[in-house]
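Quick note: the coordinates plus some simple rules give every number you see, no bench work behind them. Computed from a predicted structure; not experimentally measured. Note that we place each Cβ from the backbone using ideal geometry, even for glycine, and neighbour counts take in every protein chain shown.
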Ligand SMILES: [Zn+2]
């Protein structure tokens, strides 16, 4: 705010604050006053007329931080809320408005009006072009909200709001986050019937630093970390980071893993201690999730809060969850990571050979580490359910795996799945070869396009890059499919 130059504050437009200057029609004197003068101070004439120019818009709006709080009269609002904390604005009016508010704040109030200015991104279309009616690439927020919901739209903007970068908005992105809103909705509706009789108040009374069960300790520990990550993201105005942490945690940890792992416990016939602890943990985690997601999805989180809490108050009255209430459990996290990794490997193997989800498989493990063997034994039921296994068996160090097995290694554990009788080798090989052919054809077509001077000359850089990426992706896909086909041929030779 140094070396600031004077700027002309009068404008010849019909709206705005009229400049408080009057002219005497009798002697020509000019009078500047706070109140409308009744007579000329020079000649006492009452024939006065006010200046018709108005104050520059930015001169008037420079008063905004305090004129909105009751200034110039002494007001309680002014006392409590001035200076404000953060101003959110676009970079194009930094000097027009933001600097002017600072000038006026310093002049009239003796203090700057805010300490942080968040300069938000500009929303552009998917190709990075400025939206304009003539280009026809405008995404109308009202239409989008009707189609995908306000919360999905709001979450999308937060997720794409990388500091210092423009937002490239496309309907596909919004549609993708609408799936996320649905996921939260469905997960909460699934949990609801298991949470009857629980309340935040009763949990506060029996807060469990150690929920006993390892799966519960793991999710509690993860919630604590996510609370910290979301807090940091919001405090540092990195809304996209906060949004991504929430997305990953809710979808890939809470829904994909935690809910799946506890389903057998929730459906136990008797109300065991394990089930009681699990229900309480589920309630605590879900309540934390709804409060964490609230700034990003105010409507859905409120609705789900009311459903889960049977209408006891609004989520607006609930505080933000505190990370310290969710103790860390490094060992539980490590074990659950291992378990997830193992299940992931089995699923991967199944996927490679296109084993239909309805078919269960035998799982053979060669697992020299006794701690890992113990872990597998403890989660045997979960493993069988989530990896669609019929049985888990162990191989000795020198023992041979069953014939015609597909295999993989994870953290020193060798995994074997016999596939004879599970898949039809010839059919599967035919399918793979057909897919390889199709991908090769796609790739050749794209390369042909990229060799075409006409296309290269006319297409925007983004479109060309997209085609180049496509060739790379197809190349990797072909390599992978050929690997699968090669393994399949080996299996056929064995079995
Ligand atoms: Zn006069």
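Quick notes on this one:
- Full extension of the chain between residue 4 and residue 445 gives 152.8 nm of extra length, using 0.36 nm per residue less the Cα-Cα distance.
- The spread of Cα positions in the stretch 197-304, taken along each principal axis and listed from longest to shortest, comes to 47, 27, 26 Å.
- What the Cα convex hull of the stretch 98-210 gives, in volume per residue, is 244 Å³.
- Shape metrics for the stretch 10-49, restricted to C-alpha atoms - Rg then Dmax, Å: 11.1, 32
- FRET efficiency, residue 117 to residue 456 (Cβ-Cβ, R0 45 Å, nearest 0.05): 0.60
- Applying 0.36 nm per residue to the separation of residue 76 and residue 371 and subtracting their alpha-carbon distance, the gain on full extension is 99.7 nm.
- Put simply, the convex hull of the Cα atoms in the stretch 1-77 casts, on average, a shadow of 7.4 nm².
- Surface/4 of the Cα convex hull for the stretch 344-448, nm²: 8.3 nm²
- The long axis of helix 330-352 is offset from the longest Cα principal axis of the chain by roughly 70 degrees.
- For the chain, the longest principal axis of the C-alpha atoms and the axis of helix 150-160 are separated by about 90°.
- Kirkwood hydrodynamic radius of the stretch 233-352, from the reciprocal of the average inverse Cα-Cα distance over all distinct pairs: 16.6 Å.
- Cα gyration tensor, the stretch 141-328 - rounded (a/c under 1.5), prolate or oblate: prolate
- Label point distance in nm, residue 92-residue 299, each placed 7 Å from Cα along Cα→Cβ: 2.8 nm
- 25 °C / 0.890 mPa s Stokes-Einstein diffusion coefficient of the stretch 425-494, Kirkwood radius on C-alpha pairs, µm²/s: 181 µm²/s
- Share of Cα-Cα pairs in the chain lying beyond 32 Å, as whole percent: 64 percent
- Normalised by 2.2 N^0.38 Å, where N is the number of residues, the C-alpha radius of gyration of the stretch 238-279 stands at 1.57.
- All-pairs Cα distance distribution in the stretch 1-149, expressed in whole percent, bin size 5 Å: 2, 8, 11, 13, 13, 12, 13, 11, 7, 4, 3, 2, 1, 0
- Multiplying the residue separation of residue 322 and residue 467 by 0.36 nm and subtracting their alpha-carbon distance yields 47.5 nm.
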